[in-house]
Amino acid sequence: MDKLLTLTIDGVEVQVPQGTTVLEAARQAGIRIPTLCFLKGINEIGACRMCVVDSGARSLQASCVLPAADGMKVKTNTPEIRKYRQNILKLTLSTHARKCLSCIRSQNCELQALCRELGVDEEEAYEGVRTEYTIDDLSPSIVRDNNKCVLCRRCVSVCAHVQNVGVIGPVHRGFKTAIESPWEMKLSEMSCINCGQCIVNCPVGALYEKDETKAVWDLIRDPSKHVVVQPAPAVRAALGEEFGLPMGTSVTGKMATALRRLGFDQVFDTDFAADLTIMEEANELVERITNGGVLPMMTSCSPGWIKYCETYHPDFLPNLSSCKSPHEMMGAVVKTYYAQKKGLDPKDIAVVSVMPCTAKKFEADRPELSHDSLADVDAVITTRELARMIKEAGIDFVNLPDGDFDSLCGESTGAGVIFGATGGVMEAALRTAYETITGKVLEDVEFHQVRGVEGIKEASIRIGDQDVLVAVASGTGNATKLLERVKSGEKPYAFIEIMACPGGCVNGGGQPIVSARTKMDCDIRVERAKALYGEDRDKPLRKSHENEEIKQLYRDFLEKPGSHKAHELLHTHYQARDLYNR
Amino acid sequence: MEGSKEKFEQLRALIESHKDQPGALMPVLQGAQGIFGCVSEDVQKFIADGLGVTLSEVYGVATFYSQFSLHPKGEYLISVCLGTACYVKGSQSILDKLSEVLHIPVGGTTPDGRFTLEATRCLGACGLAPVMMINGEVYGRLTPDQVPGIIAKYQPASEAQA
């Protein structure tokens, strides 16, 4: 290991390894240098200059890109530096639509927080020309309001470098610079995969989800509609954060109670549908292996990944599992099986999904995800939108008693819960595939090889007398790398799980937004995943095929996994897509 | 799109010669501008595909540098100096007059593809302020009423008489 560097920051001596930035070194000295454009590991470009320090050089240096050096003496808090930072904020405010009262990010805005912390009390210090931008709200998932953009480029970096999509970038120059799609195209005209990683990494209110809460309130109020709601696994791992609960708090019971109090007629659980997905997907995998089908089979739960594959890697469409994603399966089951059991006309049922995901909004609009010309899912709201509805309804979430999901489509196993974390679908599938193939009981259900937030994971799993090679990728940038490995043919993978967002759905584009500063201290993907793995551990049943309500569904309605009826309701198809749609 | 097939072949060869080099985008854009006279949407998509970069990146660079033109320029490029000296001497009124006579905004091109009107920084001929250039020919000490006569010189003979 290289020797440590010793430097002094505001009189505090710290030792750091070579390659550490002054920004990081300062944190060791107990100093939090303010940042705005900085996003650990994703956007480290020294653009906004909030983090300037005096290192004895001719001018102030941006500490996020300043390497620590031996013997360096750094000042981070002088009157000159404080004034410099205040001026940057005042200039930023001069071109910012200061609609803080109604802004979706009010109280969770990094610009607002900096102004408060650094004592900027003149919002109108510099009144000048401001460009008026049209809000782009044509995407089913993402809204861009450049009137609030601070040009930090965090969205650009995450889109291009983490997700390998790159449908936005800085255009023009100087005062006219804006973050946009090329050739004045709208986001919906580009090959945006709707993942929403731009939203959860935006420091301000320039990017947000396409709000559907009003449509959902209307459905609830409509007496002719029987409204069924279903929350995804990852929602329960993060919803509490919106109400001040510590990250990683599982709020399943409170969430069920809150949903009922909001007025939904039936509260089901997407975890149930996750178990159902495993039944169908494991069956499809076994069929592909025994009948010489296309391998490796790839999971199809993540709509961001599906659109990515359709657009950028259409060669792999035959590898995608034909299974609909869990909430779509739930929609199809609710409008057939549940409707029959309850004697309801499917036309009178509305299915609302609460998802950690903005791409689910796009997915629900896919014409192929319907049955008898009724969409499987009628509305999708994100975790953030649910939190807003709960607040709007005045529900004291933190003090709610725990509730249960309604029966018929409400029971779930631990396998369904872990769908929300990268590797979770794989682990759930392995639990069922192992028992299906070997006919033996799987004693140790935990497959730690496929857990964790590493971008690409591989494992060789002994099932009966064969070793099955599997791989897991999260983040579409990592997916690209894994697909290249598949193309090269170096590894004969049988099954691959891909989720569009880094870390899986727990870090989805519809989840509560965590500041860049907090992300320097903890890995939200790890913390939220802990909540899901904890729920799994505490469940009496941890294998999808042991779910009693799933067994009942097959017994009373679907017959068996992969049956004709299952194919009609629970499976879908994919299409190659163009890069540009104008 | 007459002769465009050959032009795209030329561009393809240019991309091949720069492929996998760091910073290939700038020389390829410059080359493309030379071949086509501008870097249009189709040209930029071709470059993005050829170099394996996103259209966002290509468009970002092309709009950052003023030397790149997104739309085809006219046969005659009229550049009106808005440098300090020319501006003080009233070059804005020259520009406005040109815009009025040609029926195009600043930065625009006439529908017949004959004229493009541009405002530029200092041309270095402050002694002649206000100044404009038409394809390299300098016109100094201008007044707005001279504009129609100068433009007429560049119109085809028949139209100029009419």
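The values are calculated or read from the model by the stated rules, or taken from the named source; none is laboratory data. Nothing here was measured: the structure is a model prediction, and the numbers come from that model. Cβ placement follows ideal geometry from the backbone for every residue including glycine, while neighbour counts extend to all protein chains displayed. These accessible areas exclude ligands, DNA and RNA; they are computed on the full protein's heavy atoms, side chains included. Shrake-Rupley method; radii C 1.70, N 1.55, O 1.52, S 1.80 Å.
To the nearest 20 debye, what is the magnitude of the charge dipole of the protein assembly as shown about its Cα centre, counting +1 on the Cβ of each Lys and Arg and -1 on the Cβ of each Asp and Glu?
Here the size comes out at about 1940 debye.
Over the C-alpha trace of the protein assembly as shown, radius of gyration and Dmax come out as 29.9, 98 angstrom.
For A:Thr270, A:Thr436, give me the order by solvent-accessible area with a 1.4 Å probe, most accessible first, ignoring ligands, DNA and RNA.
Values: A:Thr270 5, A:Thr436 90 Å².
If we order A:Thr270, A:Thr436 from most to least accessible, we get A:Thr436, A:Thr270.
Restricting the GluC sites (Glu not before Pro) of the stretch A:377-481 to loop positions (DSSP other than H, G, I, E, B) with no more than 12 neighbouring Cβ atoms within 10 Å leaves A:Glu443.
Under the simplified labelling scheme, the A:Glu490-B:Asp112 pair shows an inter-label distance of 6.4 nm, with each label point 7 Å from Cα along Cα→Cβ.
Based on the reciprocal of the average 1/r between different C-alpha atoms, the Kirkwood radius for the stretch A:277-349 equals 13.9 Å.
The calculated pair-distance distribution of the stretch B:4-64 uses every alpha carbon pair, bins of 10 angstrom beginning at 0, and gives 24, 64, 12 percent. Here is the interface size for A with B: some 1200 Å² of accessible area buried, both sides summed, with a 1.4 Å probe. If you take all other residues with their beta carbon under 15 Å from the beta carbon of A:Ile220, and give Lys and Arg +1 and Asp and Glu -1, the sum is -2.
Estimate the FRET efficiency between B:Gln30 and A:Arg582 by the formula 1/(1 + (r/R0)^6), using the beta-carbon distance for r and 25 Å for R0, to the nearest 0.05. Could the numbers behind the result be given before it?
On the way: r = 27 Å, r/R0 = 1.07.
Once rounded, the FRET efficiency stands at 0.40.
Using a Gaussian network model of chain B with C-alpha springs under 10 Å, which one of B:Gln92, B:Gln33, B:Gln67 is most mobile by mean-square fluctuation? Result for chain B, Cα springs under 10 Å: B:Gln67 fluctuates most. Over all directions, the projected convex hull of the C-alpha atoms in the stretch A:313-364 averages 4.8 nm² in area.
With +1 on the Cβ of every Lys and Arg and -1 on the Cβ of every Asp and Glu, and nothing else charged, how large is the dipole of the stretch B:76-161 about its Cα centre, in debye rounded to the nearest 20?
Working: 6 positive and 7 negative charges, 53 e Å.
It works out to roughly 260 debye.
Could you give the size of the charge dipole of the stretch A:5-77 about its Cα centre, using +1 on the Cβ of each K and R and -1 on the Cβ of each D and E, expressed in debye and rounded to the nearest 20?
Numbers: 7 positive and 6 negative charges, 39 e Å.
With Lys and Arg at +1 and Asp and Glu at -1, about 180 debye.
In the full protein context, the stretch B:36-151 carries 48 Å² of accessible surface per residue, based on a 1.4 Å probe and ignoring ligands, DNA and RNA.
Each part reduced to its alpha carbon centroid, the stretch A:41-119 and the stretch A:452-499 end up 41 Å apart.
Per the 1.4 Å probe, what fraction of the accessible area of the stretch A:214-570, in percent, lies on carbon and sulfur atoms? All intermediate terms of the calculation are to be shown ahead of the outcome.
Numbers: 6130 of 12390 Å².
C and S fraction of accessible area: 49 percent.
A full extension of the chain between A:Arg58 and A:Arg388 corresponds to an added length of 113.9 nm, given 0.36 nm per residue minus the alpha carbon distance.
Under the classification rounded if a/c is under 1.5, otherwise prolate if a/b is larger than b/c and oblate if not, where does chain B fall, given a ≥ b ≥ c as square roots of the Cα gyration tensor eigenvalues? In terms of gyration-tensor shape, prolate.
When cysteine pairs in chain B are screened for C-beta atoms closer than 4.7 angstrom, the residues that find no partner are B:Cys38, B:Cys122, B:Cys126.
With a Förster radius of 35 Å, plug the Cβ-Cβ distance of B:Arg121 and A:Val12 into 1/(1 + (r/R0)^6) and report the FRET value to the nearest 0.05.
Numbers: r = 49 Å, r/R0 = 1.40.
E between B:Arg121 and A:Val12, to the nearest 0.05, is 0.10.
Residue order by solvent-accessible surface for A:Cys301, A:Cys323 is A:Cys301, A:Cys323, largest first, with ligands and nucleic acids left out and a 1.4 Å probe. Averaged over its residues, the stretch A:324-385 has an accessible area of 28 Å² per residue, based on protein heavy atoms and a 1.4 Å probe. For the peptide B:63-74, the mean number of other protein chain Cβ atoms found within 10 angstrom of a residue's Cβ is 2. Taking all protein chains together and a 1.4 Å probe, the residues A:Arg27, A:Arg555, A:Arg366 rank A:Arg555, A:Arg27, A:Arg366 from largest to smallest accessible area.
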